[in-house]
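Read through the structure below, which is laid out as structure tokens, and then see the notes.
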Amino acid sequence: MAATIDDVPVLDLDPYDQRHAANPFPIWEQIREAAPVVYLSRYDTYATGRYEQVCQVLEDWENFTSTGGVGLTDITKPGAMRPKSELVEVDPPVHTSVRGVMTKIISPKVIKGWKDDFEATAAAMVDELVRRDTIDGMDDVAIPFVTTVFPRALGIPSDGDHRTNLMIQGDYRFSSLGPANEFYLAARGRFDAIAAWYLAAQQRQNLIPGGFGEQIFLAEDDGRLEPGVAQSVMMSFFGGGLHTTISALGSTLMHLSRDPELWTRLRGDRLRVKAAFEEALRLESPATTWYRKTSRAVELGGVMLREDVKVHLLTASANRDPRKWERPDSYDIDRPMLGHLALGRGVHQCIGQMIARTEAECLFNAMLDRIERLEPAGEPAYRPLNNLRILDVLPLAIRAG
Ligand code: HEM
């Protein structure tokens, strides 16, 4: 690492190299420990995996804009792999106004109104599961639960092939935030086959009445959203609410299954269920990586960054930065719950976090009510994606009780 550009150390490392996919933490650590900010020559981006610098970037939208896209590719330049989101990829004041409308549409009161459905869906699902000795934490739990309750709240169908298609679109959406590598190309191939379904599913005329998707279009009708914004925002919710939550629920189950005493403790102390979920969010960080772009020359971590360059934020690594966290690699539900960056920070901090937390609470309480013992029953494996870690397989042994 002798070379520097404008005092920023240059690394010839590839965090997207598929040899790191099974366990990306060592390469992220290498980047984090090299310097507060480095330049990744393969991708022509700056990168930081340190908690302090990731926070600084996320909190400073004026110097670190989202308008270049929250993925690797600069969506303002020719050859962008996807259209911009009118919520995620805009800065204040445009962002403030769209976000304000959406915050009212999915207010805490509205989300509380969905809770009965979340609880009943979880209870019915787990009642069926406890007839068996082994289950898969993804195919039998996290995926069917989230792809039932969230599409229902939004107003899109989720039965039959829809569920498979929802997973394909999520794989593609996150993979398209990285480079055009094999993960992207494979996800793209699967997505192309369902692209017509994807576009149709979120058209206004195909929405199931009563979902919050309908409210997004009504906001455009009465002028609260600019013309054309509703469809784009709809896409952001479609994509943002599924893989992220499925990943977080799967990681929580994986960690809980590894500690049967903790499962027993949670059965008697439901107040800690929230902490079990937050700690899995910190440790495993579903969306591992986000990008911003420098709006002008700006200082970060003691060095000057050039204008108009992407900054790769390794949030998953910042969530394990030893400068911030004691025993960062341990799953410890007794550590303070706040401060992790898995749900972002600053103006774009996750707008769906209360939905995800409500889903987690309902699902885990249903499982704790009905399952006495939860243990691993085989090796977990991850789906091959860019920018998001989500388990594909999570074999679990259960005992009803
Ligand atoms: C545990 C599950 C979740 C995780 C880990 C997660 C993670 C995140 C993160 C890190 C951001 C910030 C992105 C950025 O800074 O550019 C974000 C924003 C967002 N999330 Fe989530 N999310 C989760 C659940 C949800 C759910 C359930 C929804 C659906 C309502 C959702 C919808 C969104 C949207 C629309 C944004 C953009 C907000 C904005 O730009 O103002 N997310 N999410």
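The values are calculated or read from the model by the stated rules, or taken from the named source; none is laboratory data. Computed from a prediction, not measured in an experiment: that's the story for all the values here. When we count neighbours, we look across all protein chains shown, and the Cβ atoms used for this are built from the backbone with ideal geometry, even at glycine. Heavy atoms of the whole protein, side chains included, go into the accessibility calculation; ligands, DNA and RNA do not. Shrake-Rupley method; radii C 1.70, N 1.55, O 1.52, S 1.80 Å.
For the chain, a Gaussian network of Cα nodes joined below 10 Å ranks L281, L207, L249 by mean-square fluctuation, and the top entry is L207. Only the Cβ atoms of Lys and Arg (+1) and of Asp and Glu (-1) were treated as charged; on that basis the dipole of segment 282-392 about its Cα centre amounts to roughly 580 debye.
Which percent, nearest 5, of DSSP beta bridges in the chain are antiparallel?
Percent antiparallel among DSSP bridges in the chain is about 80.
Shown are E226, E361, whose ranking by accessible area with a 1.4 Å probe and every protein chain present, most to least, is E226, E361. On the protein heavy atoms, probe 1.4 angstrom, tell me the percent of accessible surface of segment 227-359 carried by carbon and sulfur. Answer for segment 227-359 is 54 percent, counting heavy atoms of protein chains only.
The residues of the chain expose on average 41 square angstrom of accessible surface per residue, using a 1.4 Å probe on protein heavy atoms.
Shape class of segment 1-133 from the alpha-carbon gyration tensor: oblate, with a/c at 1.5 or above and b/c at least as large as a/b. So, in Å, what gap is there between the alpha-carbon centers of segment 76-132 and segment 241-270? Each part reduced to its Cα centre gives a spacing of 21 Å. When the chain is described by a simple charge dipole with +1 on each Lys and Arg Cβ and -1 on each Asp and Glu Cβ, the residue from Q349, V57, L305 located farthest towards its positive end is Q349. Within the straight-line cut-off of under 29 Å between alpha carbons, the lysines reachable from K77 are K293, K310, sequence neighbours fewer than 8 places apart in one chain being disregarded. Count charges around L166 for me, please; just the other residues with Cβ under 14 Å from its Cβ, Lys/Arg as +1, Asp/Glu as -1. After counting each charged neighbour, the total is +1. Each stretch of four or more DSSP H residues adds -39500 (n - 2.57); spread over every residue of the chain, this sum gives -13500 deg cm²/dmol at 222 nm. Shown here for segment 1-92: trypsin sites (Lys or Arg not before Pro) in loop regions (DSSP other than H, G, I, E, B) with at most 16 other Cβ atoms within 10 Å, namely R42. For E326, the solvent-accessible surface computed with a 1.4 Å probe is close to 150 Å², ligands and nucleic acids excluded.
Taking all protein chains as they are arranged and a probe of 1.4 Å, the heavy atoms of E62 leave approximately 110 Å² accessible to solvent.
If I take all pairs of Cα atoms in segment 88-205, what percentage of them are more than 21 Å from each other? It works out to 57 percent of all Cα pairs. Taking every alpha carbon pair in segment 188-278, what does the distance histogram look like in 5 angstrom bins from 0, in percent? Final binned percentages: 2, 11, 15, 15, 11, 10, 11, 11, 9, 4, 1.
Would the chain count as rounded, prolate or oblate if I go by the C-alpha gyration tensor, calling it rounded below 1.5 in a/c and otherwise prolate when a/b exceeds b/c, oblate otherwise?
It comes out oblate by the Cα gyration axes.
Ordered from highest to lowest accessible area with the whole protein assembly present and a 1.4 Å probe, M367, M125, M337 read as M337, M125, M367. Applying the criteria of a DSSP loop state and at most 14 other Cβ atoms within 10 Å to the trypsin sites (Lys or Arg not before Pro) of segment 103-178 yields R131, R132. The radius of gyration of the Cα set in segment 50-92, together with its Dmax, comes out at 11.4, 33 angstrom. For the listed residue pairs K84/K115; K115/K274; K84/K104, the alpha carbons are over 26 angstrom apart in K84/K115. Measuring only protein heavy atoms, the 1.4 Å probe finds T164 accessible over about 80 Å². Here the chain is treated with +1 on each Lys and Arg Cβ and -1 on each Asp and Glu Cβ, and its dipole about the Cα centre works out to around 360 debye.
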